[in-house]
Amino acid sequence: MKTPISWLDEWVPCADVAVERLATLFVERGFPIESITRTGHAYEGIVVGRVLEVKKHPQADRLVLTRVDVGDGTERSIVCGAPNVVADMRVPVALVGTVMPSGMEIRKSKIRGEVSEGMLCSGRELELSDDAGGIMALAADARLGQPFREALGIKPETVIELEIHYNRPDVMSIAGVARELSAALGRPLREDVRARLGATLATATKGPVPITLDDPDGCPRYVGAVLRGVSIGPSPRWLADRLERAGVRPLYNVVDVTNYVLLELGQPMHAFDLAKLSGPEIRVRRASKGETLRTLDGRDRTLTPDHLVIADRERAIALGGLMGGESTEVTAETRDILLESAWFDPYRVQVAANHFVLKTEAGRRFGRGVDPNLAPVAAARAIELLKELCGGKLESPVGEARARDFPPLTLTLAPERVNALLGAEIPKPEMVKHLEALGFGVKANGSFSVTVPTHRRDVSEPTDLIEEIGRAYGYENLPDVPAGAGAAGVTRDPVLVFTRKLREILVGFGATEVLTPSLADPERLTLTWPLTQEGEPRLARLANPPSPEASVMRSDLAAGLLTVVAHNLRHGAPGTRVFEVGHTFVAREAKEFPLEETHLGLAIAGLADPESWEGERLVDFFDAKGLAEAILGRLGVDAPQIRVYASSAWKAGEAAEILAPHRIGWVGQVDPRRARAWKLDRPVFLFLASLDALARASKASASFRSFARFPAVKRDLAFFLPARVQSAAVEEKMRAAAGELLQTVRLFDVYRGKGVPEGQKSLAYSLLFAHPARTLAESEVEDAQAALVAALAESFGATLRERPGAEE
């Protein structure tokens with residue numbers, strides 16, 4: 001929202017406040033500053049002067065000597081090179097010490113031997129025009145010594161551009177910005193603008209033009225005023241300047257007035273050429289299927305019953321809340337107009353805006369929610385300006401069709417709840433002061449009964465009022481909350497608590513969190529779909545995508561993570577370990593919203609830890625599997641099962657699904673052929689999991705397990721097993737056979753090749769035996785080992801490959 005300070009000052013006194021201070025106040029109230037632009041110049045030191053004499057310079061053919069009077073009783077000699085300087089001419093004179101707009105300082109100097117005590121200024125030197133051929137001539141009655149800016153009526157302007165959040169459409173106007181600044185400065189709005197906001201417009205259900213609301217849900221309120229005998233022409237300079245500084249191009253008076261009211265009050269309006277209306281009559285209805293409308297931008301729009309239109313007796317003449325139609329456009333020949341001021345349902349406006357990819361200032365406001373009671377106020381303001389600038393005469397009465405009323409909302413607020421949530425001690429009178437300054441009505445009787453003005457459509461519950469008090473009190477003034485503590489009365493969302501814990505675990509394991517776009521390339525998502533899904537890809541496609549490469553909602557996190565991994569490796573990272581917790585979307589039946597779920601994605605690639613005893617090596621499946629098991633262990637997932645998983649998107653033999661007991665996720669290497677789509681030539685391993693499944697499998701708190709106080713015994717065993725046997729099943733059988741003495745089982749080698757019987761494989765495990773209360777006897781370890789070897793032989797036909805060694 002571009003806000004000229006001079007316009008804002010007409011609403012709330014602020015011209016005496018430094019622009020930097022104003023910017024700070026807006027930021028503290030939650031409105032970031034996009035830019036601060038200064039236009040025009042103050043022209044300090046430049047005054048009106050009169051040329052008394054002009055004569056030739058004795059040392060230069062192209063220069064002249066002038067005597068100039070600037071009204072202070074002292075004549076000045078000034079050397080000038082302009083050919084148009086004549087005696088008795090009134091000119092802008094830059095006195096000694098003046099800094100010109102270009103930054104040049106005017107000094108007393110000698111030019112070709114003659115003293116010059118100032119400078120006569122051209123339009124280019126004043127940055128008012130491109131004319132550098134002559135001195136700027138001023139009016140003959142301009143007062144000597146008068147500041148140049150006053151003589152020309154020039155006022156420098158500062159424009160602050162605010163970033164307005166989506167839920168605050170009321171601040172997309174000078175009035176809304178002024179309300180916020182009034183509360184911040186503690187200065188009331190000026191009397192005349194308060195009267196303007198409270199102006200009433202006498203309306204009747206039967207006006208000069210019949211108005212019918214065939215779609216009262218889409219448009220429950222429509223004000224139509226007829227003005228006759230308007231004269232179409234350019235707007236006065238003050239109005240055009242205001243529009244330009246606020247970022248709107250001036251066209252002609254009628255359109256400029258509607259744009260001016262839109263910027264001033266936040267109410268979009270439209271003017272129809274009354275003579276071009278069939279009837280004349282206004283009907284607000286849904287469009288017919290296949291109906292067409294040529295809008296003011298010259299484009300033919302094919303409409304559907306989802307679209308709200310303004311129609312006359314015969315056809316659609318405007319897209320409700322977005323843009324008028326070309327057939328009823330106001331032109332230079334227009335003499336009578338119908339002025340529209342209405343309220344349109346935000347959802348219906350947004351549907352049409354998205355369908356036609358149509359962005360207008362009216363759509364930006366109606367699509368977010370305009371004050372439903374603003375229509376008659378804005379109409380009164382626009383009629384006042386149209387009478388003044390276009391000479392129109394209002395035909396009474398003003399017509400209004402209204403399907404329902406919009407009474408203000410009343411909320412009950414407990415002051416104790418305010419301080420409990422903000423963690424502060426704000427006195428009740430101060431709470432009332434802050435709310436009333438923002439336009440809320442407050443009746444204090446124990447609890448507060450708060451009336452919410454209809455322009456604050458973002459305030460719908462007591463918590464919103466607490467936010468307003470906190471904003472006005474100053475977030476910077478709220479007390480610091482100790483780490484790990486929270487404001488009294490606040491309950492933590494279990495999902496957020498679990499997600500935060502998961503993020504902390506992943507960061508603790510050396511992973512870096514990334515954020516990847518929710519909009520993705522369908523070709524890449526088709527490649528990653530089989531990682532976690534079956535059947536044909538069901539991608540959630542956008543109706544109006546920003547580009548073909550961002551035309552669907554992501555169905556998994558893998559595609560984005562692979563993009564990040566490829567970027568990191570391509571830019572020289574020896575290894576990368578990144579994760580994301582985010583939403584995924586899978587299409588469902590037609591006209592249903594996609595299935596939205598939250599997932600975890602972890603990707604590792606490149607070198608493993610180069611400082612480890614193993615030296616430099618690429619990460620492998622066991623690194624990924626071990627990392628996934630460690631994460632699950634920290635989350636308290638009890639005895640997860642790792643089972644071989646086959647899919648065209650995973651590399652054969654290097655992928656597994658994780659169950660506890662239901663499927664949690666997957667871990668494995670991305671199929672190298674698919675990884676080439678990201679130009680990846682090194683193995684990339686992923687751990688993908690459903691956040692909901694992780695949370696269900698996770699224990700709320702892990703029980704403490706003391707460190708072993710007695711020596712442990714390590715044994716390495718290798719077995720020949722049938723190739724179809726899964727390691728997870730082997731580990732489970734070992735633990736069951738050996739009992740509580742077997743503390744850990746780690747698979748450290750899988751071998752197929754020379755020396756291994758056909759149809760079999762070699763699995764080597766590192767086993768750790770220990771007892772928490774005593775040192776184990778050799779016989780106990782031998783018995784436990786014999787039991788597990790026998791169990792494997794009986795269950796899988798396993799053969800012990802070599803006699804184990806023992807380490808104490």
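Values computed for the structure shown
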{"read-out": "Answer from 54, 99, 79 - the residue that is closer than 25 Å to residue 129 by Cβ, surrounded by fewer than 19 Cβ atoms within 10 Å (Cβ to Cβ), in contact with a strand residue (DSSP E or B) (Cβ under 6 Å, 6 or more places away or on another chain) and free of Cβ contacts under 8 Å to residues at least 40 places away in the same chain", "value": "54"}
{"read-out": "Residues of region 772-789 that turn out to be of a type outside the set (Gly, Ala, Ser) and in contact with a helix residue (DSSP H, G or I) (Cβ under 6 Å, 6 or more places away or on another chain), as a count", "value": "1"}
{"read-out": "Given (1) assigned to a loop (DSSP other than H, G, I, E, B); (2) out of contact with any Lys or Arg (no Cβ under 9 Å at 6 or more places or on another chain), number of the condition residue 386 does not satisfy", "value": "(1)"}
{"read-out": "Test: residue 234 is within 30 Å of residue 473 (Cβ to Cβ) and not in a strand (DSSP E or B)", "value": "no"}
{"read-out": "Residue ID - farthest from residue 222 (Cα to Cα), chosen from residues in region 389-421 that are aliphatic (A, V, I, L, M) and assigned to a helix (DSSP H, G or I)", "value": "420"}
{"read-out": "Qualifying residue in region 239-247 (condition: touching an Asp or Glu at 6+ places or on another chain (Cβ under 7 Å), part of a helix (DSSP H, G or I), basic (Lys, Arg) and over 26 Å from residue 335 (Cα atoms))", "value": "yes"}
{"read-out": "Flag if residue 668 is surrounded by 21 or more Cβ atoms within 10 Å (Cβ to Cβ) and at positive phi", "value": "yes"}
{"read-out": "Within region 204-223, considering residues that are surrounded by fewer than 19 Cβ atoms within 10 Å (Cβ to Cβ) and outside any loop (DSSP other than H, G, I, E, B), the one nearest to the chain's Cα centre (by Cα)", "value": "212"}
{"read-out": "Top-ranked residue in region 242-256 [being more than 19 Å from residue 386 (Cβ to Cβ) and without any contact (Cβ under 8 Å) to a residue 24 or more places away in the chain; ranked as surrounded by the most Cβ atoms within 10 Å (Cβ to Cβ)]", "value": "244"}
{"read-out": "Only listed residue being of a type in the set (S, T, N, Q) and either within 26 Å of the chain's Cα centre (by Cα) or surrounded by fewer than 19 Cβ atoms within 10 Å (Cβ to Cβ) (or both), chosen from 334, 304", "value": "304"}
{"read-out": "Matching residues, region 351-373, being outside any helix (DSSP H, G or I) and within 21 Å of residue 404 (Cβ to Cβ)", "value": "367, 368, 369, 370, 371, 372, 373"}
{"read-out": "Residue match in region 265-276 (condition: in a helix (DSSP H, G or I) and basic (Lys, Arg))", "value": "yes"}
{"read-out": "Failed condition for residue 299, given (1) touching a helix residue (DSSP H, G or I) at 6+ places or on another chain (Cβ under 7 Å); (2) surrounded by fewer than 23 Cβ atoms within 10 Å (Cβ to Cβ)", "value": "(1)"}
{"read-out": "Filter result for residue 689 (under 30 Å from residue 499 (Cβ atoms), aliphatic (A, V, I, L, M), in contact with a strand residue (DSSP E or B) (Cβ under 7 Å, 6 or more places away or on another chain) and in contact (Cβ under 8 Å) with a residue 40 or more places away in the chain)", "value": "yes"}
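A quick yes/no check of all residues on (1) of a type outside the set (A, V, I, L, M); (2) more than 11 Å from residue 271 (Cα to Cα); (3) at pLDDT 95 or above:
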position	(1), (2), (3)
314	yes, yes, no
321	yes, yes, no
332	no, yes, no
339	no, no, yes
342	no, yes, yes
346	yes, yes, no
350	yes, yes, no
353	no, yes, no
356	yes, yes, no
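The values are calculated or read from the model by the stated rules, or taken from the named source; none is laboratory data. None of the values given here were measured: they were computed from a predicted structure. A quick note on method: Cβ atoms are made from the backbone with ideal geometry, for glycine too, and the neighbour counts reach across all protein chains shown.
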